[in-house]
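Below is one structure, written out as structure tokens; comments come after it.
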Amino acid sequence: MTLASSIDAYITNELGSIKLAKVGAPKKIRDALTGTFILNEHEINVLDLPIVQRLRRISQTALACLTYPCASHNRFQHTLGVTNIVTKLFNAFLSKKEYSKLVNEDDLRELRLAAILHDVGHGPFSHACEEIYGQMKEVQNERKKPEFEHVQSKPHEIMSYYVVKSKAFVELITKINSIYSLNLDAERMANMIIGNMNNPKRQGYISDFLNGPFDADKLDYMPRDAYFTGLKMDVDFDRIAYTCLVDQRPGKPRRLCSDISGAHNLEQILFNKVLLYSSMYNHHKVRAAVCMIKSIFEIIDDNNLTIRNRSFKEPVDFLAIDDYDVLSSFREAPLLKDTIDNIRNRQLLKRALVISRHTVENRNLTGKVTKLTGNPAQIKYLRTLIADEANKRGLSLPLYDIWLDLPRAPSLNEPTLCKVRITEEDYVDLSEVFPVDWWLTAYNETKWKGFVFCPPDKKIREIVYDAAEKVLKDVEGLRFNPMAKKEAKME
Amino acid sequence: MVSKMYRMNKDLALKKLTEKERAKLVNQLKNTVAPDDVVAAILSHLSKEEIPLNVHKIHSAVFKLKQKNPEMFEEFIFSTKDYYPYSYLLEQVLFRLQNADLINTLNLGFKKCIVSKESKAYIRKDVLPLFGNEDRKKLEKMGKTFEKAVLSTS
């Protein structure tokens with residue numbers, strides 16, 4: 001089965017029994033971050049679908065709440081925030097006389113629904129599970145297809161795209177069109193989700209509102225994640241909205257861009273992004289929890305277990321469950337009990353060794369390890385060797401309790417993908433106004449760390465440190481200095 | 001031995017590897033050719049020590065190399081909707097090469113991508129042997145094409 005056909009079958013099953021009823025009136029929704037806004041009748045029909053309600057049970061930032069206690073916000077809240085922000089962006093844009101003919105009400109209707117649906121492809125614990133199904137051949141093959149390569153789609157975006165393009169969902173939109181006399185097009189909404197601009201009926205700037213260098217998605221998740229973690233970051237959303245333009249130069253892609261007077265607000269977003277990565281997404285405790293989630297699915301895979309009758313051999317299985325299912329799965333699969341108890345009781349793996357520019361003596365060789373990023377099979381080989389070496393020293397570690405984690409650095413492509421208008425004729429890259437991308441690369445380089453994680457007992461950590469140091473030296477030639485242990489807080 | 005609350009499932013303990021199994025894993029790791037190796041190999045064939053740090057040109061040049069040698073760049077995907085062909089993987093690879101000190105992009109003004117003689121020597125000694133003779137010839141040729149493309153004024 002292809003990814004498209006498996007998602008199609010799943011959505012047919014999920015939506016098959018749903019009877020749409022006309023909603024009587026719009027609803028006023030309060031969002032803690034973006035404020036109160038109106039949801040229209042047809043949007044309430046879509047928001048009420050189980051595939052969207054499921055997002056209430058998918059945490060926005062995986063298990064970051066075990067490090068930042070207030071970070072228990074979910075994908076549903078983010079979805080509402082993106083819907084509100086995309087509307088505000090669009091309306092600010094529409095308020096400019098010169099753009100009033102470039103967009104219409106249908107665009108906004110579709111953008112809002114695309115915003116509501118943009119994350120329905122996420123699996124449990126959001127990006128944590130995306131690291132698993134994103135590596136499966138079904139998704140990897142899709143990413144190389146022209147329609148996705150063209151826009152460099154992320155795995156969860158591809159999943160959302162196929163949900164919205166599924167036959168059952170298209171039929172549902174047809175019914176909504178009929179009930180409310182609308183003209184919604186599911187295919188256009190699917191394309192907005194992946195940021196596809198090769199749509200003859202709609203220009204690229206439309207999809208940029210939802211999936212572009214500075215889109216509603218970013219403008220929501222960054223302040224939301226910062227707010228709920230307690231990290232102090234600000235975004236001048238109003239100024240970004242009012243300095244937003246369309247590149248209308250002949251022969252150039254018609255993309256959203258910014259007036260020079262909004263450039264520093266965009267730079268501020270990028271500063272926030274790298275701070276979020278170094279303070280939260282790539283925080284060692286947050287990464288340890290991500291590894292523990294990955295352990296659950298490794299145990300399931302290696303031992304032919306299931307959660308809700310799903311074996312997770314294919315990406316669609318991740319659509320069928322949520323965070324709650326994973327954290328209660330030991331009832332169905334007792335072999336998972338220890339790992340899940342550790343998560344539930346916040347008994348997280350700890351660092352045994354840190355790989356960074358401060359800890360490796362022969363830095364050129366760091367590349368021999370970091371090149372394995374995104375290659376879970378090879379990383380598993382190294383983990384196996386480390387666990388085996390530790391067990392030779394008297395331990396009896398499961399492989400699932402040893403991780404080599406190589407977090408990805410944040411992408412900083414926005415400054416070269418977003419143009420800034422200096423005058424009517426002169427547009428430059430944001431990075432030409434100020435090389436914010438390289439400035440932040442310098443920051444990332446100093447901050448980036450890879451980890452070897454293991455159970456928290458001090459003696460185990462000591463043994464795993466010795467084992468990891470030996471394996472990484474024997475196999476890859478890396479020589480560590482005492483900071484490799486000190487940064488792991490073992491001395 | 002494990003802290004009171006942390007639970008380790010002994011039933012799942014890793015079985016001891018045989019020497020043969022261990023050697024197989026080590027061998028697979030040592031012979032892994034990653035996207036990082038392809039880019040490093042190309043950069044080792046630059047005739048100069050530095051090229052302009054121009055993201056548009058660097059991504060565009062690798063995109064063109066992929067069109068002529070798709071088998072060497074299978075994992076690189078490029079978006080074509082933007083002002084230049086952009087690859088997330090290439091961005092990550094360049095960061096990792098920077099992190100390993102094999103390239104230096106963090107110089108005054110961020111104007112140059114420097115690949116020092118020492119880096120080139122290291123890549124030739126440790127990375128190029130991962131490739132077969134045919135591929136090495138291709139990489140050398142690609143290095144020249146890449147250099148020409150990023151140095152062009154157009």
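Considering only the range A:82-103, state which residues are crowded, with 20+ Cβ neighbours inside 10 Å and either among the polar types (S, T, N, Q) or touching a Pro at 6+ places or on another chain (Cβ under 7 Å) (or both). Passing the criteria: A:Thr83, A:Asn84.
Test A:Thr79 against the stated conditions and say whether it is in a loop (DSSP other than H, G, I, E, B) and buried (at least 19 other Cβ atoms within 10 Å of the Cβ). Even if it seems obvious, please write down each step before you answer.
Working: in a loop (DSSP other than H, G, I, E, B): no; buried (at least 19 other Cβ atoms within 10 Å of the Cβ): yes.
Criteria not met by A:Thr79.
Of all the listed residues (A:Phe297, A:Phe312, A:Phe318), the sole one being outside the structural domain of A:Leu404 (by TED's automatic domain parsing), at positive phi and either among the β-branched types (Val, Ile, Thr) or within 24 Å of the chain's Cα centre (by Cα) (or both) is A:Phe312.
Residues that are part of a strand (DSSP E or B), buried (at least 19 other Cβ atoms within 10 Å of the Cβ) and away from chain B (no Cβ under 14 Å) within the range A:299-351 comprise A:Ile307, A:Arg351, listed in sequence order. Taken together, the criteria place A:Ile460 among residues that are crowded, with 22+ Cβ neighbours inside 10 Å and aliphatic (A, V, I, L, M).
When restricted to residues that are under 19 Å from B:Asp135 (Cα atoms) and within 16 Å of the chain's Cα centre (by Cα), the range B:19-75 contains 29.
The helices (runs of 4 or more DSSP H) found wholly in the range B:7-97 and carrying at least 1 residues that are out of contact with any strand residue (DSSP E or B) (no Cβ under 6 Å at 6 or more places or on another chain), more than 10 Å from every other protein chain (Cβ to nearest Cβ) and surrounded by 20 or more Cβ atoms within 10 Å (Cβ to Cβ) occupy B:35-44, B:55-68. Taken over the range B:104-123, the criterion of being assigned to a helix (DSSP H, G or I) and either more than 8 Å from chain A (Cβ to nearest Cβ) or surrounded by fewer than 20 Cβ atoms within 10 Å (Cβ to Cβ) (or both) is satisfied by B:Leu108, B:Gly109, B:Phe110, B:Lys117, B:Glu118, B:Lys120, B:Ala121, B:Ile123.
Quick check on this structure: which one of B:Asp126, B:Asp135, B:Asp101 is within 12 Å of chain A (Cβ to nearest Cβ), part of a helix (DSSP H, G or I) and surrounded by fewer than 21 Cβ atoms within 10 Å (Cβ to Cβ)? Steps first, please.
Values: B:Asp135 fails: within 12 Å of chain A (Cβ to nearest Cβ); B:Asp101 fails: part of a helix (DSSP H, G or I).
So the residue among B:Asp126, B:Asp135, B:Asp101 that is within 12 Å of chain A (Cβ to nearest Cβ), part of a helix (DSSP H, G or I) and surrounded by fewer than 21 Cβ atoms within 10 Å (Cβ to Cβ) is B:Asp126.
Yes/no matrix, rows are residues, columns are (1) among the basic types (Lys, Arg); (2) over 26 Å from A:Val290 (Cβ atoms):
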site	(1), (2)
A:Arg408	yes, no
A:Lys419	yes, yes
A:Glu425	no, yes
A:Trp439	no, yes
A:Phe451	no, no
A:Ile463	no, no
A:Glu469	no, no
A:Ala484	no, no
A:Lys489	yes, no
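Of all the residues in the range A:381-390, those that are more than 7 Å from every other protein chain (Cβ to nearest Cβ) and without any contact (Cβ under 8 Å) to a residue 40 or more places away in the chain number 1. Can you find a residue in the range A:355-369 that is over 26 Å from B:Val39 (Cβ atoms), more than 7 Å from chain B (Cβ to nearest Cβ) and at pLDDT 95 or above? No, that holds for no residue.
For (1) more than 9 Å from every other protein chain (Cβ to nearest Cβ); (2) of a type in the set (Ser, Thr, Tyr), each residue gets a yes or a no:
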| position | (1), (2) |
| --- | --- |
| A:Tyr427 | yes, yes |
| A:Asp437 | no, no |
| A:Ala467 | yes, no |
| A:Leu478 | yes, no |
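Can you spot a residue in the range A:208-215 that is assigned to a helix (DSSP H, G or I), away from chain B (no Cβ under 14 Å) and closer than 22 Å to B:Tyr84 by Cβ? Looking for residues that are assigned to a helix (DSSP H, G or I), away from chain B (no Cβ under 14 Å) and closer than 22 Å to B:Tyr84 by Cβ, one finds none in the range A:208-215, hence no. The residue that is farthest from A:His283 (Cα to Cα), among those in the range A:116-138 that are under 15 Å from the mean Cα position of the chain (by Cα) and not in a loop (DSSP other than H, G, I, E, B), is A:Leu117. Take the residues in the range A:439-460 that are aromatic (Phe, Trp, Tyr) and outside any helix (DSSP H, G or I); name whichever of them is nearest to the other protein chains (Cβ to nearest Cβ). The qualifying residue nearest to the other protein chains (Cβ to nearest Cβ) is A:Trp448.
For the residues A:Thr441, A:Thr416, the requirement of being among the hydroxyl-bearing types (Ser, Thr, Tyr), under 29 Å from A:Leu245 (Cβ atoms), in contact with a helix residue (DSSP H, G or I) (Cβ under 9 Å, 6 or more places away or on another chain) and free of Cβ contacts under 8 Å to residues at least 24 places away in the same chain singles out A:Thr416.
Could you list, in sequence order, the residues of the range A:462-491 that are farther than 10 Å from A:Ala352 by Cβ and part of a helix (DSSP H, G or I)?
A:Lys470, A:Val471, A:Leu472, A:Lys473, A:Asp474, A:Val475, A:Glu476, A:Met483, A:Lys486
Being crowded, with 19+ Cβ neighbours inside 10 Å and more than 9 Å from chain B (Cβ to nearest Cβ) is the filter; apply it to the range A:391-405 and report the residue that is nearest to B:Gln98 (Cα to Cα). Working first, answer last.
Within the range A:391-405, the subset crowded, with 19+ Cβ neighbours inside 10 Å is A:391, A:395, A:397-405.
In the following step, the residues that additionally are more than 9 Å from chain B (Cβ to nearest Cβ) were identified as A:403-405.
On the way: A:Trp403: 24, A:Leu404: 21, A:Asp405: 19 Å.
So, considering only residues that are crowded, with 19+ Cβ neighbours inside 10 Å and more than 9 Å from chain B (Cβ to nearest Cβ), the one nearest to B:Gln98 (Cα to Cα) is A:Asp405.
The values are calculated or read from the model by the stated rules, or taken from the named source; none is laboratory data. Please read these numbers as outputs of a predicted model, since none were measured by experiment. When we count neighbours, we look across all protein chains shown, and the Cβ atoms used for this are built from the backbone with ideal geometry, even at glycine.
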